[in-house]
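A short worksheet on the structure shown next.
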Amino acid sequence: MTPGEIRTAVLDILEGIAQDDDLGQLDDSVAFREQLELDSMDFLDIVMELRKRYRVQIPEEDYPKLESMGSTVEYLTPLMADISA
Amino acid sequence: MYDTIIIGAGMSGLAAGIRLAYYDQKVCILERHTTIGGLNSFYRLNGRDYDVGLHAVTNFTPKGTKKGPLARLLRQLRFKWDDFSLSEQVESSIAFPGVNLKFSNEMDLLRSEIASCFPDQVDPFERLLGKIVEYDDLNQEIYEQSTREVLDEIFTEPLLVEMLLCPLMWYGNAREDDMDFGQFCIMFRSIFLEGFARPFKGVRLILKNLVRRFRSLGGELLLRKGVSQIKLDEGRAVGVVLDNGDEIEGRNILSSVGRVETDRLCLGSGASQVAKAGQLSFVETISILDRQPRDLGHEQTIVFYNDSNKFHWRRPVDEMCDVRTGVICSPNNFRYSPDDGDLADGVIRITALADYHRWGNLDEDDYRLAKIKWSDQVTAAAIKFMPDYRRFVIDSDMFTPNTIRRFTWHDNGAVYGAPEKILDGSTDWQNLYLCGTDQGYVGIVGSIMSGLTIANRYCLAP
Ligand SMILES: Cc1cc2nc3c(=O)[nH]c(=O)nc-3n(C[C@H](O)[C@H](O)[C@H](O)COP(=O)(O)OP(=O)(O)OC[C@H]3O[C@@H](n4cnc5c(N)ncnc54)[C@H](O)[C@@H]3O)c2cc1C
């Protein structure tokens, strides 16, 4: 997957979690926590959704890398390079 | 072999089930009753639907709110806010002799009521609010502090203390006389800082959504399949035995049936400690009126009343019921959308404290008579706090501690379970965890949160 495709995939996961939010205005450089007020339970969800949908395993020490859309895509790009969209 | 077996198809079991099935676990919910919902179920009588439980969904926050339990559980369950179609309450009150404190989903109403009835308690009330906002759950030690001690230090007006305790104890206190401070904070937020709402179609709408989602994710729900034993192997739970003798194996077991009840499933009836179980049970008289309650001048959603300056929260000792305090609820008095209009029938429900032991020991005829007698007495006590509606009643029923027992199997028909809560859901056995009432979160939103929290923590954590 390309970084663009990964971004779409993450957006899709976020849309599933926060169904009432409009994510069209999401700023890739601002933390999810601030923009969407996601809490630690929700972060666990992003991790588990990635595992469920793409079989990507994210070790706990890497959770901070999922802070914003920008950092998440950057972190996932090498991990998901071989997955077809 | 299941990944997780869940005992009980109440709110907490269904919520945990959805969460686990969503992440591809093989999950089975076992329910002894013929229907789902547990304490929050419904039944039909004379062609009408009656709710057991649900007066109001607590923790109401408006669409778009991102914080708080309601928003959190919607995200966790992947529901939209509109799926629960909640309509807000009109207004509620705490009614003591000569003093009435109104409150609504806007905190400022209660604030201004306190300012006018108890002017010198305004600052203490703000201090209490500060403490409640600060309070962080899941610390067992702070959780168990005595609420009465905390409040007595803050307030100089004992009547206000009683009045604040009354609704919060009614809607979620398993302990007699006093309340764990943690529970107090949770209930205060859910009732005064967030608020009341109800789906036009009642609790069945929420239950239908939960069960449909669980099944669509591949979860199995087995009704009339009570669990009679939890199988143990070297300190670990490994499966269950059903009432019909069948055995089912599971890697993890979540029990929503209560802590004393769960211990008994593990150790057999010899180990039963009914004394540790909760003591507080209810009767509720439900009257169907030939008109809407507002047409007889009753517009409030819920009234928590008490007939003296001291609020007594105990199992009645001399009588089958204690009618000194009660809750008047009218499901009509919510702000339903114009499309829905009014509920077809006017309904007044009145809840009072009841003694499970006295109700449980009656034969059938005496039970029927007791229902009539106490229905009259409870109503007579309540109409001191609302217009007399007795002439307009066209049908009625009463549920009792026996009903609660039948819907939940809780020892003593205890509505809020055992007084001692196990906040981390752990038991003496590995792979066996408590969710629901005895984990500490009560109410509809609370028990759903409980199911989610425990499922996440023990059955899903990577
Ligand atoms: C009169 C009344 C009014 C209430 N009003 C409100 C309200 O207005 N708002 C609110 O939020 N909350 C209200 N509640 C509280 C709320 O209903 C409960 O807190 C909540 O439903 C508890 O859910 P639970 O899943 O923890 O437990 P339960 O609902 O007790 O579920 C446990 C389930 O386990 C099943 N079970 C038990 N033993 C076994 C066994 N051995 N094998 C298989 N299955 C078993 C039971 O049949 C039951 O279905 C009210 C309760 C009552 C009684």
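The values are calculated or read from the model by the stated rules, or taken from the named source; none is laboratory data. All of these numbers come straight from a predicted model, not from anything done at the bench. A quick note on method: Cβ atoms are made from the backbone with ideal geometry, for glycine too, and the neighbour counts reach across all protein chains shown. Surface accessibility is based on the protein's heavy atoms, side chains included, excluding ligands, DNA and RNA. Shrake-Rupley method; radii C 1.70, N 1.55, O 1.52, S 1.80 Å.
Among B:Gly172, B:Gly250, B:Gly226, B:Gly219, which is the only one that is closer than 16 Å to B:Glu31 by Cβ and touching a helix residue (DSSP H, G or I) at 6+ places or on another chain (Cβ under 6 Å)? First the steps, then the outcome.
Numbers: B:Gly172 fails: closer than 16 Å to B:Glu31 by Cβ; B:Gly250 fails: touching a helix residue (DSSP H, G or I) at 6+ places or on another chain (Cβ under 6 Å); B:Gly226 fails: touching a helix residue (DSSP H, G or I) at 6+ places or on another chain (Cβ under 6 Å).
On inspection, the qualifying residue turns out to be B:Gly219.
Among the residues of segment B:394-413, is any away from the ligand (no atom under 15 Å from the Cβ) and among the hydroxyl-bearing types (Ser, Thr, Tyr)? Walk me through how you get there before you give the answer.
We begin by selecting, within segment B:394-413, every residue away from the ligand (no atom under 15 Å from the Cβ); these are B:394-396.
Retained after the next criterion (residues that are among the hydroxyl-bearing types (Ser, Thr, Tyr)): B:396.
Looking for residues that are away from the ligand (no atom under 15 Å from the Cβ) and among the hydroxyl-bearing types (Ser, Thr, Tyr), one finds at least one in segment B:394-413, hence yes.
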Tell me, which residue of segment B:323-338 that is closer than 16 Å to B:Phe385 by Cα and in contact with a strand residue (DSSP E or B) (Cβ under 6 Å, 6 or more places away or on another chain) is most open to solvent (accessible area, probe 1.4 Å)? B:Val323
Scan of segment A:52-83 for residues that are within 14 Å of chain B (Cβ to nearest Cβ), under 22 Å from A:Gln19 (Cβ atoms) and surrounded by 15 or more Cβ atoms within 10 Å (Cβ to Cβ), ordered by number: A:Tyr54, A:Leu66
Of the conditions (1) more than 11 Å from the ligand (Cβ to nearest atom); (2) over 28 Å from A:Asp22 (Cα atoms); (3) in contact (Cβ under 8 Å) with a residue 12 or more places away in the chain; (4) surrounded by fewer than 22 Cβ atoms within 10 Å (Cβ to Cβ), B:Asp83 satisfies every one except a single condition; which number is it? (2)
Applying the selection to segment B:33-68, what residues are in contact (Cβ under 8 Å) with a residue 12 or more places away in the chain and among the small types (Gly, Ala, Ser)? B:Gly37, B:Gly38, B:Ser41, B:Gly53, B:Ala56, B:Gly64, B:Gly68
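Does B:Ala461 meet the test of being away from chain A (no Cβ under 14 Å), away from the ligand (no atom under 16 Å from the Cβ) and open to solvent by 30 Å² or more (accessible area, probe 1.4 Å)? Let's see the steps before the verdict.
Numbers: away from chain A (no Cβ under 14 Å): no; away from the ligand (no atom under 16 Å from the Cβ): yes; open to solvent by 30 Å² or more (accessible area, probe 1.4 Å): yes.
Taking the combined requirement at face value, the residue does not satisfy it.
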Restricting to segment B:230-245, give me the number of residues that are within 16 Å of the ligand (Cβ to nearest atom) and either part of a loop (DSSP other than H, G, I, E, B) or surrounded by fewer than 17 Cβ atoms within 10 Å (Cβ to Cβ) (or both). 4
When you check B:Ser269 against the structure, is it touching a residue at least 24 places away in the same chain (Cβ under 8 Å) and either over 24 Å from B:Asp51 (Cβ atoms) or not aliphatic (A, V, I, L, M) (or both), yes or no? no
For A:Asp12, indicate whether it is at the interface with chain B (Cβ under 8 Å from one of its Cβ atoms), part of a helix (DSSP H, G or I) and either in contact with a Lys or Arg (Cβ under 9 Å, 6 or more places away or on another chain) or of a type in the set (Val, Ile, Thr) (or both). no
Here is a check on your reading of the model: is B:Arg391 surrounded by fewer than 18 Cβ atoms within 10 Å (Cβ to Cβ), more than 13 Å from the ligand (Cβ to nearest atom) and assigned to a helix (DSSP H, G or I)? yes
Quick check on my filter: what residues within segment B:132-141 are among the aliphatic types (A, V, I, L, M), open to solvent by 70 Å² or more (accessible area, probe 1.4 Å) and assigned to a helix (DSSP H, G or I)? B:Val133
Picked from segment B:198-216 (must be more than 11 Å from the ligand (Cβ to nearest atom), out of contact with any helix residue (DSSP H, G or I) (no Cβ under 7 Å at 6 or more places or on another chain) and charged (D, E, K, R)), the residue nearest to the other protein chains (Cβ to nearest Cβ) is B:Arg212
Filter segment B:161-200 down to the residues that are in a helix (DSSP H, G or I), under 24 Å from B:Val99 (Cβ atoms) and of a type in the set (A, V, I, L, M) and list them by number. B:Val161, B:Met163, B:Leu164, B:Leu165, B:Leu168, B:Met169, B:Met187, B:Ile191, B:Leu193
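Per-residue answers, yes or no, for (1) of a type in the set (Ser, Thr, Tyr); (2) free of Cβ contacts under 8 Å to residues at least 12 places away in the same chain:
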| residue | (1), (2) |
| --- | --- |
| A:Glu5 | no, no |
| A:Glu37 | no, yes |
| A:Tyr54 | yes, no |
| A:Pro59 | no, yes |
| A:Tyr63 | yes, no |
| A:Leu76 | no, no |
| A:Ala81 | no, no |
Assess whether B:Arg19 counts as being more than 21 Å from B:Glu88 (Cα to Cα) and without any contact (Cβ under 8 Å) to a residue 60 or more places away in the chain. no
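This table checks each residue for (1) assigned by TED's automatic domain parsing to the domain that holds B:Lys310; (2) open to solvent by less than 10 Å² (accessible area, probe 1.4 Å); (3) not in a helix (DSSP H, G or I).
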| residue | (1), (2), (3) |
| --- | --- |
| B:Tyr43 | no, no, yes |
| B:Gly64 | no, no, yes |
| B:Leu73 | no, yes, no |
| B:Ile94 | no, yes, yes |
| B:Arg111 | no, no, no |
| B:Pro124 | no, no, no |
| B:Gly130 | no, no, no |
Would you pick out the residues in segment B:4-28 that are away from the ligand (no atom under 14 Å from the Cβ) and more than 14 Å from chain A (Cβ to nearest Cβ)? B:Thr4, B:Lys26, B:Val27
Say we look at segment B:428-447 and pick out the residues that are over 11 Å from the mean Cα position of the chain (by Cα) and in a helix (DSSP H, G or I); which of these is nearest to the other protein chains (Cβ to nearest Cβ)? B:Gln439
Lone unmet requirement of (1) open to solvent by 20 Å² or more (accessible area, probe 1.4 Å); (2) within 23 Å of B:Ser92 (Cβ to Cβ); (3) in the same structural domain as B:Ile36 (by TED's automatic domain parsing) for B:Tyr433: (2)
Search segment B:29-75 for residues being more than 11 Å from chain A (Cβ to nearest Cβ) and among the polar types (S, T, N, Q), and hand back the single one that is farthest from the ligand (Cβ to nearest atom). B:Asn46
Only one of these is within 25 Å of B:Gln25 (Cβ to Cβ), at pLDDT 90 or above and more than 10 Å from the chain's Cα centre (by Cα): A:Val10, A:Val56. Name it. A:Val56
What about B:Val257, is it assigned to a loop (DSSP other than H, G, I, E, B) and touching a residue at least 60 places away in the same chain (Cβ under 8 Å)? yes
